[in-house]
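Novice: Dumping the structure here so I can ask a few things about it.
The values are calculated or read from the model by the stated rules, or taken from the named source; none is laboratory data. Quick caveat, the model's predicted, so the values are computed rather than measured. Backbone-built Cβ (ideal geometry, glycine too); neighbour counts: all protein chains shown. When the accessible area is computed, the model is the full protein with side chains, heavy atoms only, and any ligands, DNA or RNA have been set aside. Shrake-Rupley method; radii C 1.70, N 1.55, O 1.52, S 1.80 Å.
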Amino acid sequence: MHYRITKIKHSSESLDDLISYLGSVESDVQLIDGLQSVTVVNISDTESIAFSAYENEDQMNNAGEKYREIMGGMAQHITAPPEMSSGDSIWTWVR
């Protein structure tokens, strides 16, 4: 698995709107080839981290245009450009 990790900065007041937006683009997200899951974790009142799991790095790279389109729709709900990184999974534990 290959993961894109995206740090999202937002105001505490915009979190509900951000969640609503993500729900509204769910059908677009489902169409991204190779995308297995997206989990967004709220780590503070003003920051969240999204973990997007892809089958491989090529599929993540091929999703770039759709990813930018979705992130662009978030612009009104965030306070800074997202910080992105990616890498291959090296260890997983699941119950």
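Novice: Would you tell me the accessible area of Thr79, worked out with a 1.4 angstrom probe on the heavy atoms of the protein chains, in Å² to the nearest 10?
Specialist: 90
Novice: Going by accessible area, probe 1.4 Å, with all protein chains left in place, what is the ranking of Met74, Met84, largest first? It would help to have the intermediate numbers written out before the result.
Specialist: Numbers: Met74 5, Met84 110 Å².
So, going from the largest accessible area down, we get Met84, Met74.
Novice: Moving on to the next point. Quick one: helix 64-73 against the long Cα principal axis of the chain, what's the angle to the nearest 10°, folded into 0 to 90?
Specialist: Between the helix axis and the principal axis of the chain, the angle is about 20 degrees.
Novice: To continue, here is another question. Report the full-extension gain for the segment Ala53 to Ala75: residue separation times 0.36 nm, less the Cα-Cα distance, to one decimal in nm.
Specialist: On the way: separation 22, 0.36 × 22 = 7.92 nm, distance 2.23 nm.
Gain on stretching Ala53 to Ala75: 5.7 nm.
Novice: Roughly how many Å² is the accessible area per residue of the chain, as a whole number, for a 1.4 Å probe? Don't skip to the end; give the middle numbers.
Specialist: Numbers: 6270 Å² over 95 residues.
The answer is 66 Å² per residue.
Novice: Tally up the carbon and sulfur contribution to the accessible surface of the chain as a whole percent, 1.4 Å probe, everything protein left in place.
Specialist: The C+S portion of the solvent-accessible surface of the chain is 49 percent.
Novice: Can you compute the charge dipole magnitude of the chain about its Cα centre, using +1 on each Lys and Arg Cβ and -1 on each Asp and Glu Cβ, nothing else charged? Give it in debye, rounded to the nearest 20. Spell out each step's value before the answer.
Specialist: Working: 6 positive and 15 negative charges, 39 e Å.
Value, rounded to 20: 180 debye.
Novice: What does the helix-only formula give at 222 nm for the chain: each DSSP H stretch with n ≥ 4 adding -39500 (n - 2.57), the total divided by the residues, and the result rounded to the nearest 500 deg cm²/dmol?
Specialist: On the way: 4 runs with 31 residues, N = 95.
Only helices count here, giving -8500 deg cm²/dmol.
Novice: Pull out the extension gain between Asp17 and Val40, defined as 0.36 nm times the separation in residues minus the alpha carbon to alpha carbon distance; nm, one decimal. Each step should come with its number before you reach the end.
Specialist: Values: separation 23, 0.36 × 23 = 8.28 nm, distance 1.40 nm.
Full extension of this stretch gives 6.9 nm more.
Novice: Next up: Please list Arg68, Arg95 in order of solvent-accessible area, largest first, computed with a 1.4 Å probe with all protein chains present.
Specialist: Arg95, Arg68
Novice: Could you tell me how many degrees, from 0 to 90 and to the nearest 10, lie between the Cα long axis of helix 15-24 and the main elongation axis, the longest principal axis, of the Cα atoms of the chain?
Specialist: 50
Novice: While we're on this one: Give me the percent relative contact order of the chain, please, defined on Cα pairs under 8 angstrom at least 6 residues apart.
Specialist: 49
Novice: For the chain, what does the equivalent ellipsoid look like in terms of its semi-axes, each the square root of 5 times an eigenvalue of the Cα gyration tensor, given largest first in whole Å? Before the final figure, lay out each step's value.
Specialist: Details: eigenvalues 97, 50, 29 Å².
Largest first, the chain gives 22, 16, 12 Å.
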